Each structure stands twice: as C-alpha cells, then as structure tokens.
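Shown next, in structure tokens, is the structure this report addresses.
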Amino acid sequence: MWRTSTCLRSNAPKRAVNRSSRALFTKGLGSSPPNVRACLSHPKCAHSTSTLSRWVSGAAALRPQSNPEGSSAARDLPVSRIDDRKVVIGWDTHTWTRYHHIWLRDHCRCSQCFHPVTKQRLVNTFEIPPEIKPVNVESKTDGLEVTWPSSQPHTSFYPWSWLQENSYDPPMHQTPPTEKILWGSKIQQSPPTVTFEEAMLEDDRGVFKWLSNIDKFGFSFITDVPPTPEATEELSRRIGFIRETQYGTFWDFTSDLAKGDTAYTTLALGAHTDTTYFTDPCGLQLFHLLSHTDGTGGATLLVDGFYVASILKELHPRAYELLSTVPVPAHAAGEPSALYTPSMGGSPVLKHEGGQLVQVRWNNDDRSVMRNLEPGLVEEWYDAIRLWQKFLTSSDSEYWVQLSPGTSVVVDNHRVLHGRSAFSGKRRMCGAYIGVDEYRSRLAVLAERFAPDAVVRDTTPYASVNGRSVWNPAL
Ligand SMILES: [Zn+2]
C-alpha cells in the first residue's frame, strides 16, 4: 500500500529549543513509534488512481510506519494531551498552546471534511456536537493525530507548523507580514526597479520581483517599456485585471480637461492618493509618460505615506490619533454623469488594522464638508492636518523624479502618495488602476511558488492538489 521507496520524508518542525531540556521534557513519550511517512499524493508515487481518491483522508495518508533507522526523531516531538475542552500541546518546557476541541474538529482538512481541489469546507460545522471531545491524541513526526468519537470513527491530522502558525491560546511565533521598508527622499539613490523584459518573463519570476518591490517599498519603476499604450496595457495586465472607473479602463490622456479632474490640466498636483471618494480606493496605479513635447516641467513626486505617518506618530502622537480616528468625507463631482462619495461618510486619513497602519487616504482637493467633526475638535483637527502636510511636503520626504518615455511607475495607492509639478507643452500619459485584491492575490500565488512559508514548504509534498497545499495558512 505504501510507496516508501521514493517518498519518504521525516521532517519534524525545526524549533530553536534547547535539545537537552526537550529530551528531558518529553521523557515518557517514547511509546510513539518513530515515524516515516509515505507521501501518497506525490507525483512520483506513480499511483494510478485519480487525484481526488489519491488524496486520501489525512488520517490514512499520514499513518506512521515503523522506522528501521531507530527512534531518535520521536524524542523531539511536542507533547500532547486532552483537557476537558481543549487539546494542549507542549512545544518545550515553557511553551504551551491550546486548541478547543470544537475548533480542531471544525478545521479537519481530511478529504471528507475539506475539499482538496476547491479548498472549501465540507464538514457540516453545525452537526459537530458542541461537547465533542477526542478519544485519543498522538504526537506523530509531522503533526498531531486526533481520533474523534463517532459511530464511524474519524481521525484528523494537523501539521505541527500549521498548529504553530494558527495558534491562538496563546498566539505564538506567527509569520510576520512582509517587512515594509520606509523611505524618504534618499530613495532616489537606488529606487526599486525592474526591467520590462523581467516583468514579461514567462515564468513570472520577474513579476514576483516587481510585486515584491511594491510590497516592500510601495512603488516600483519599470524601465525599457516600449513607449506605446499597447505595451503599457500589456504590462499592466501582467499584474491582474484592470479596474474600470469613470476615467475608463486603460486610460490614455493629455491635458485637455477631457475629464473633469485636475489630473487633466497642466496644474501642479500636491502629494495625494487617488480615489479617496471610493469606499474602496484603487489599489495600484500604473502610469507611463508616453511623450512630452514643446515644454518643460511635469516632474513626478512620490512620498511614502507610511514614512510620514511614522514621523508624525513619533513627534505628534495626538495629531496622529486624530488623523487615525476622524473620518474624512470626499467626493468626485466633476463629471455630470457621476457623483461619487465613500460609504459611512468616509474614512480616517490613516486606517489601521490590528494596530497596524494599513492605508493612507489623502487628497485635500477632493475633501468634502467636514460636518461630522465635534465642535471641540475642529481647530485641533486643522492643526493635525497642518502638521501632516508639513511633513508630507518636507524635503526629507519628497522624492522628485523626472520621468521620460520608457519608464513606467506603479504605486501602491494605499501607501504612496503621488503628485507632479506644473508643466508647459503637451504631455501624453497612459495608465491603469488595478484592484488591491487582484494585486494581493497575484503576489500570494507567486510567493507560494517562489518564496513559500514554512507551513507550505512542510506540507506541499503530501497535501497539495493543483499545486496548493490544503494547509496553506491563507485558507
Ligand atoms: Zn475529517
């Protein structure tokens, strides 16, 4: 039944724990057989069955075999026991996490409980008895095996790395979000850049580099782009669907006021984010100057909103708090056929999730009447935005660059503000918006492929169907 010759794996999660204390701690656990597991869904296993049936229930696929090599692996296993309402796992002498029985049963990833292709829950959560309690738990090499009471006994398996990543009682050592690199004007010495050739590489490695730049810095240049709308649109679509707005799908415009917005003039534009008047402002914006004739000016301005926010927070915490809490209404009303305002009366300039700054939304030109401000806060709020504007426009924050045809730029419109100086002559710009969800999805798929996290790495060999592990922490 087991194809052990080609698919043996034995990879207990690596933890920075003192080995001798662990060995002491796990004494008495030696009854667990040392485990080597056959990987049933590995393509090299030469199974003739279909993908679905090959992806047998987690319990069956992961049943341990005795290891003729000896039992050294078993001594490193976390300990596990059943409490009244929770399963308790001891990772080392002082690190314990707990998982409620109902939570574990609900998160079973066997093929009866979770569809391995669609990655959707199959188990009927509401048929799980509220008082459910395992009849047995057992620490295996790669994870925890849990046997549930039932007329048809059910066994679940949870990889150690997945249990760590999803621990909540208490949370432990979860993968931090990608590091953001905050920047000021000195970014001009080496701005994040990819070439058009890289971005168009068929294996998508260049797109990963490009989107990783945006993830870290909030923007990226793309050099050597053919100065045509066609090539620029093709480049935009390498990331994802273009988001259609009142300005069109892929836009290509000059300073002719074809649309009722100052972008369509020769006026200077201060640092701002776009579409503050949407409930869900556009995620990425790509633009490309195709030509500039008979004039001068029109330098591009980029400012890292997260950097400016960090300075404001440090020096003026009260102003930061006001910008983080007072909703700012906005509108787009220059086109007779459209009148956009965000739901709920707008959002604060600085939006947080779980205490982390996640979005900057700032366009003072598009701000509507501040009618929801408490009277006692009016002057204080104006003081706060005055400070914000001061740091936004300081020479330490502003990155000015004179773009020329052939160099496109993509900005994360939830983080980096953009603007331009006034210009004379005729400029032709083209570009597109891409939704934040399309961008994040594309980046997640490429990260899964080119930079998988520990859980994906550990579990992909035995638990992936269509290239995606059922244990991917996003699921
Ligand atoms: Zn199950």
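Remark: for residue pairs K180/K390; K209/K351; K186/K313; K209/K259, the C-alpha separation exceeds 25 Å in K209/K351; K209/K259.
Multiply the residue separation of D169 and K351 by 0.36 nm, subtract the distance between their alpha-carbon atoms, and state the gained length in nm to one decimal. Spell out each step's value before the answer.
Values: separation 182, 0.36 × 182 = 65.52 nm, distance 2.73 nm.
Taking D169 through K351 to full extension adds about 62.8 nm, to one decimal.
Counting Lys and Arg as +1 and Asp and Glu as -1 over every other residue whose Cβ lies under 12 Å from the Cβ of K119, the net charge comes to +3.
If R0 equals 60 Å, the separation of the Cβ atoms of Q152 and T195 corresponds to a calculated FRET efficiency of about 0.55. Diffusion of segment 185-447 by Stokes-Einstein, at 25 °C in a medium of 0.890 mPa s and with Rh set to the Kirkwood radius over alpha-carbon pairs, works out to 129 µm²/s. For segment 186-200, the residues whose backbone nitrogen is under 13 Å from a point 7 Å from the Cα of S395, taken along Cα to Cβ, are 186.
Remark: spin-label model distance K313-D365 equals 2.9 nm, labels positioned 7 Å along the Cα→Cβ axis. Model label points for T95 and D437, set 7 angstrom from Cα along the Cα-to-Cβ axis, are 3.6 nm apart.
With contacts taken as Cα pairs under 8 Å and at least 6 residues apart, segment 79-166 reaches a relative contact order of 22 percent. Only Cα pairs under 8 Å and 6+ residues apart enter the sum, and on that basis the relative contact order of segment 185-447 stands at 37 percent.
Throughout, read-outs are computed from the coordinates displayed, never taken from laboratory work. Predicted model only: the values in this text are computed from it and were never measured. Here Cβ is always computed from backbone atoms with ideal geometry, including for glycine, and neighbour counts include all displayed protein chains.
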